[in-house]
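I am attaching a structure below and will ask some questions about it afterwards.
The values are calculated or read from the model by the stated rules, or taken from the named source; none is laboratory data. None of these values were measured; they are calculated from a predicted model. Glycine gets a Cβ as well: all are built from the backbone with ideal geometry, and neighbour counts include every protein chain shown.
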């Protein structure tokens, strides 16, 4: 680590490879997020069979539907990679296309989640039906919130790309958004496995 | 403002114009000013938390105390602990870290100056939010650990809403500054400053940043669950409907135990700086101190359930956690021996910072040993929730953390403000605090073992508790007098303190190579580091027998000729403060749903405005 970080410190002024520092900070933040989702998933595992009088996981989950929306979210990682790739090649037009495509897929996933939540409420599962309901909605809701924040960042980055305000040392860049987006996708793989597939 | 040219006059005069305006403090992105803001805020809350403690002690001075009602007493002990942990000890460590981490690493600022400012404003928002609850229906009253279902009971008052939201925001502020400090350590060190050459205080900041980064999210989840249980009817901790209150205890202590190391490690770092300076010897077994700090960091995540020995975890879990608790005393004990080895045979200079550091060792050992007694499960079942526990953690938190912090204040005050705190008043301050602290907390061991429970607002006459309670109350007044002397010392020093000069203590680390107070850009030239304790090696060499020999001033290596050509300092920005204000308004709104949703909207707009403005403006204005 020392060998890696020390040589680039020689420049004057104390502002060294800014985008490397930002990437490192994003990794640290994502490390923190792992514990956040870890706690939420642990809560869910504790409560997944405590359904009280309400519907159980097996009764209510629609695995084919959720599989499709999971697939859509995973595909958004692919478009994100393509967007990142064109960002590195400085192909701004393609970058905007792929970023907006990623945001679009994210929004489709969110729409699927809204639909799913609505269905569940109609079938009698709400946050106050059972501890299972509380844990399910809060865990997947938190993940949905993260996707929504990601969509906002993608849109903002794409729009900044249109207006020419996107700079390498700016507050947000495609590399950072990409890291965050892939992380949110990976968390979904865990949630889909632990919450949906294990339950049925 | 942002760019200094080589023609710029000496650092002292570039800093002079325009200082002191309130707007300048609100928009500052200078790590030193942010450090000072953290410092003054935490001293302010130290007084608030101290007054709360005095109320508690006055109430308990005699049997059947009449000063506080049961309700007011609950608020006092909850807010006393919450204030001291989250609004005093953590931010004052952050004050030192902000001010001295870049200076000790030989950097011009932290990695993300505006994120740093945002952390401070978020801290202030959370702190004010917690404190205003006193004026709108009462302060939090469910204990600082907020055990469910006590904290999830829905009553007409919204005290625990204030508590859960306030702590979440303070948590986000700490996560942001942890990310910042970690990145600073990994990318901003001066050339030659390898990780193992980093000063021990910087090391401890690095370690607690990881502790906070990985422990805070867990309690954040718990706090969110408490808030949702209270406000939208989730059943996380509702035992009647299948929820499990013990889950809260796990989530809280998974954070809470790393947290106690977050509170003590900065003090250990300070002591590891002060002892070598005033014993005139290098820190004994320096790498051992660092590695035992790292060991504490890892093991700190594996002992949380010793706070829950009476929750019915079963013998296997209890035995396991009893063992890990005993093990974690080992790296802590290693450090004690390292400090003793440092002062052994040194030529000690017993001034105020040194006295506080020695007091730290003495008191922390007492608190540490009573802590080990908690690891024995049958004994702990007796001590649990008694005043014995109160005695234990005040020895480590007051005798440990606060004494370490005071040592740091006396040690670094001349660097921050350019003036030395008065020595004679400082010694009075130390002895009043030392005697007061022991008078207050030593009797609590006896009280606890005699069966006095925590968090009861009254005790009956004739239970054998009268004498020691009175002694403890007298002790707390002595302690308060000591703090008053300290405040007087600070005030007096601002008016007519002795000018310190860059290196009043003949110290060892890089922050003493620059002027006091340091110029805005810290160092005219970024230093190049060749040794541990590099500054000492610039001033001294050793003879054949290993004794230190001072290098005459004219023979010392010439470090620099004039400042670096192109110094970029972060420009001031009001966006972090605006985002913090937005969060404050949002929090207030969240407590008073549905009407508060308007405030949530307004605050949200302020927050987003701050965030977007921040990401769109260049860090150094005029650069592009």
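Name the residue, out of B:284, B:291, B:255, B:301, that is within 20 Å of residue B:90 (Cα to Cα) and surrounded by fewer than 22 Cβ atoms within 10 Å (Cβ to Cβ).
Exactly one of B:284, B:291, B:255, B:301 is within 20 Å of residue B:90 (Cα to Cα) and surrounded by fewer than 22 Cβ atoms within 10 Å (Cβ to Cβ), namely B:301.
Going residue by residue through region B:166-184, is there one that turns out to be within 14 Å of chain A (Cβ to nearest Cβ) and without any contact (Cβ under 8 Å) to a residue 40 or more places away in the chain?
Yes, some residue in region B:166-184 is within 14 Å of chain A (Cβ to nearest Cβ) and without any contact (Cβ under 8 Å) to a residue 40 or more places away in the chain.
Scan region A:183-200 residue by residue and report those that are touching a helix residue (DSSP H, G or I) at 6+ places or on another chain (Cβ under 9 Å) and either on the phi > 0 side of the Ramachandran plot or surrounded by fewer than 17 Cβ atoms within 10 Å (Cβ to Cβ) (or both).
Residues satisfying the conditions are A:186, A:189, A:190, A:194, A:197, A:198, A:200.
Also, quick follow-up: Go through A:127, A:138 for me and flag whichever is within 14 Å of another protein chain (Cβ to nearest Cβ) and not in a helix (DSSP H, G or I).
Answer to the selection: A:127.
Within region B:214-237, is there a residue that is more than 9 Å from chain A (Cβ to nearest Cβ), out of contact with any strand residue (DSSP E or B) (no Cβ under 8 Å at 6 or more places or on another chain) and farther than 19 Å from residue B:142 by Cα?
No, because not a single residue in region B:214-237 is more than 9 Å from chain A (Cβ to nearest Cβ), out of contact with any strand residue (DSSP E or B) (no Cβ under 8 Å at 6 or more places or on another chain) and farther than 19 Å from residue B:142 by Cα.
In the list B:321, B:337, B:301, B:327, which residue meets the criterion of being assigned by TED's automatic domain parsing to the domain that holds residue B:378, more than 22 Å from the chain's Cα centre (by Cα) and closer than 19 Å to residue B:251 by Cβ?
It is B:321.
How about region B:304-331: which of its residues are outside any helix (DSSP H, G or I) and loosely packed, with under 14 Cβ neighbours inside 10 Å?
B:312, B:314
Can you find a residue that is surrounded by fewer than 20 Cβ atoms within 10 Å (Cβ to Cβ), farther than 27 Å from residue B:419 by Cβ and either within 28 Å of the chain's Cα centre (by Cα) or in the same structural domain as residue B:351 (by TED's automatic domain parsing) (or both) anywhere in region B:521-528?
The answer is yes; a qualifying residue exists.
Got at least one residue in region A:66-86 being part of a helix (DSSP H, G or I), in contact (Cβ under 8 Å) with a residue 24 or more places away in the chain, surrounded by 19 or more Cβ atoms within 10 Å (Cβ to Cβ) and within 14 Å of another protein chain (Cβ to nearest Cβ)?
No; the residues of region A:66-86 include none that is part of a helix (DSSP H, G or I), in contact (Cβ under 8 Å) with a residue 24 or more places away in the chain, surrounded by 19 or more Cβ atoms within 10 Å (Cβ to Cβ) and within 14 Å of another protein chain (Cβ to nearest Cβ).
Just to be sure before I move on: is residue B:243 at positive phi and outside any helix (DSSP H, G or I) in the structure I sent?
The answer is no for residue B:243.
Continuing with this model, one more query. Taking region A:108-125 only, how many residues are over 22 Å from the mean Cα position of the chain (by Cα) and surrounded by fewer than 18 Cβ atoms within 10 Å (Cβ to Cβ)?
5
Residue-by-condition table, conditions (1) surrounded by fewer than 21 Cβ atoms within 10 Å (Cβ to Cβ); (2) more than 22 Å from the chain's Cα centre (by Cα); (3) at pLDDT 90 or above:
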site: B:141; (1), (2), (3): no, yes, no
site: B:145; (1), (2), (3): yes, no, yes
site: B:159; (1), (2), (3): no, yes, no
site: B:166; (1), (2), (3): no, no, yes
site: B:205; (1), (2), (3): no, no, yes
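If I ask for residues that are surrounded by 14 or more Cβ atoms within 10 Å (Cβ to Cβ) and outside any helix (DSSP H, G or I), which ones from region B:461-497 would you list?
Across region B:461-497, the qualifying residues are B:465, B:497.
Scan region B:67-74 and give yes if some residue there is farther than 29 Å from residue B:396 by Cα, touching a helix residue (DSSP H, G or I) at 6+ places or on another chain (Cβ under 8 Å), outside any helix (DSSP H, G or I) and at pLDDT below 95, otherwise no.
no
Could you grab me the full set of residues in region A:39-64 that are over 19 Å from the mean Cα position of the chain (by Cα) and in a helix (DSSP H, G or I)?
Matches in region A:39-64: A:43, A:45, A:46, A:47, A:57, A:58, A:59, A:60, A:63, A:64.
Does region B:187-199 contain at least one residue that is more than 9 Å from chain A (Cβ to nearest Cβ), closer than 30 Å to residue B:527 by Cα and crowded, with 24+ Cβ neighbours inside 10 Å?
yes
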